[in-house]
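Below: one structure, written as structure tokens.
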């Protein structure tokens, strides 16, 4: 299980993404966190290359690439043309075309660019490869960095390297990389409270656990879980550290130890439902069933789309049963059943919306409405019934990158239409050339539509599978409630029969 | 006696629910598996990603051809003038607007946005004007408004005498810090 963070001004979410790690989770970098800025090259000589770079830096990567490619095709780049190829590589990278960028960056080592710029190019490439799920390639790109980067970039490099190594189960190397992140010299540059350092420390704690260095890992997470936190992001991270330790000890059947971490977790925020669930389990494990009801009853009033709340809805009647308060147990089973039914209905509505193709359209609209610099980031859920069951999926890098491709392809369809009109209106084109261009537009439209359909199907299947998983879980819980209620009625009737 | 029986049977009954409680731990795991990609899903994603990149790269190739077509439609190849504005990286002044006149006739005016100023500071060159001008000798007059490093507003004007031939002319206006005053100065370069 991997966690990622999604930032929005004034809002922080810690999200579960993918990849089980033996119960210990580490923090993954989301597309937003890693949105690599375009490579800023040093002393570009040719003015036309600089003009294209301006377009890129001003947020128009497609215009930048096409303009520079057009200038290159017309032989207008006369001053140090090798620089143009590198700049072009950076442009393709900014456009997400990392395969093309890789081939153009091959010349980096022999270029006139200073080492620090070359290093930044490799780091940017690694970040984009990571976002596209190419973890091995990302590690190779990181290995091409020579020497140290400056401040923030060095932190990004070490943290990304640590995460990639952890994903590859290379915990020893991951620990080494993450330890460097905590080096005093680096921390001093960016401040003790640097988010990178904080996230790095968290991941180091997890990597140490996985490496078998439990004591050091625990100390690190404890430090993180007890430290002052002045931002919502750091408070959430503090909660996460405490929850991590609490569940670790709870699963080792050490409720006393687990309790001390659960009670440090805030009862507000994204981690509160898991904290309440775990705290109830601690009391339950200690046979303090009345006390376990306090967090569980609070939990059962929260939004029932949260799996922890769903567990809480089952836990409350369980505790009443332990207390022999069977009437209340029955009432709470009834309540849980109603909530599960209602949630199943919500999930089915979402499934119907997904099946009707609404999801892809809504997501593309949501993406299209964002400012240029955040154009491809899904930060808010579409207004689809039951969409909250999909938010976790929406925030995975895979989903966001696929969506980004989808939105870019749709945008490209619009461009092709404009080009088609331009070809129609063009004066002085020879018939052969006109037919040639028309054919290129038509062929590309066909190819685009095929890929668009494949992506749409992929997104739909992903959403359907996610919703199906939620539906099955809810139905399983509902049938368990029914079974328990039936047993309870059976027991009551037999008891009533005995009394008669 | 009966009560004991109730308790015993009650515990046994609620023992069924312990299975549910056992699921509590899996509740944490569930949230992961919901979004966890299978190998097939990851493969599908990587393949689709590569397919999208291939098509988008073809868009770039055709886009470059369309850029050339647009240029041939909108501009005559003779007497083309491209004027670029560049700012020395690390300069402390801040450009606000630039106006370009040719022989006292307005050719272009641009007000810079924050993003464009950053693009200039990072080494980009802004295309202030790209179009056809009559051949022969002309005067290009640049007027620049902005804020100097000492926080005072400034306004500068500079003129360049230039002869346009049949070839494409590229003129670069470099806004650079002045050596002995807080105001920037304008330098010109004609690119061959």
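Every number here is computed from the coordinates shown, using simple stated rules; none is lab data. Worth saying up front: this structure is predicted, and the values here are computed from it rather than measured. Counting neighbours? That spans all protein chains shown, and the Cβs are built from the backbone with ideal geometry, glycine included.
When ranked by the protection proxy of mean other Cβ atoms within 10 Å per residue, highest first, what sequence do the peptides B:80-93, A:104-117 form?
Details: B:80-93: 19.2, A:104-117: 15.4.
Top to bottom by mean Cβ count within 10 Å: B:80-93, A:104-117.
Between the alpha-carbon centres of the range A:292-362 and the range B:119-192 there is a gap of 67 Å. Judged by the mean number of other Cβ atoms found within 10 Å, the most tightly packed of the peptides A:273-280, B:163-170 leads the ranking A:273-280, B:163-170. Once the Cβ-Cβ distance of residue A:116 and residue B:178 is raised to the sixth power relative to R0 = 45 Å, the FRET efficiency obtained is 0.95. Directionally averaged projected area (the range B:78-191, Cα convex hull): 6.8 nm².
With the simple spin-label model, which puts each label point 7 Å out from Cα in the Cβ direction, the residue A:42 to residue A:335 separation comes to 6.6 nm.
Note on residue A:450 and residue A:417: with the Förster distance fixed at 22 Å, the Cβ-Cβ geometry gives a FRET efficiency of about 0.80. Label-to-label distance, residue B:75 versus residue A:434, with points set 7 angstrom from Cα along the beta-carbon direction: 2.5 nm.
Using mean Cβ contacts within 10 Å as the protection proxy, how do B:61-67, A:225-231 order, highest first?
Values: B:61-67: 19.9, A:225-231: 14.0.
Ranked by mean Cβ neighbours within 10 Å, highest first: B:61-67, A:225-231.
Look at the stretch A:284-297: the mean tally of other chain Cβ atoms within 10 Å of its residues' Cβ atoms is 0.
When both the range B:42-58 and the range A:126-149 are represented by their alpha-carbon centers, they are found 19 Å apart.
Using alpha carbons only, how many angstrom separate the centre of the range A:414-442 from the centre of the range A:78-100? One Cα centre to the other: 27 Å.
Give me a single rounded figure for B:124-131: the average over its residues of other chain Cβ atoms within 10 Å of their Cβ. If you can, show how the numbers build up before the last one.
On the way: counts 14, 11, 5, 7, 0, 0, 1, 0.
Counting other chains' Cβ atoms within 10 Å and averaging over B:124-131 gives 5.
In peptide A:318-327, how many Cβ atoms from other protein chains are near each Cβ within 10 Å, on average?
On the way: counts 9, 3, 2, 8, 6, 2, 6, 1, 4, 0.
Per-residue shielding by partner chains comes out at 4.
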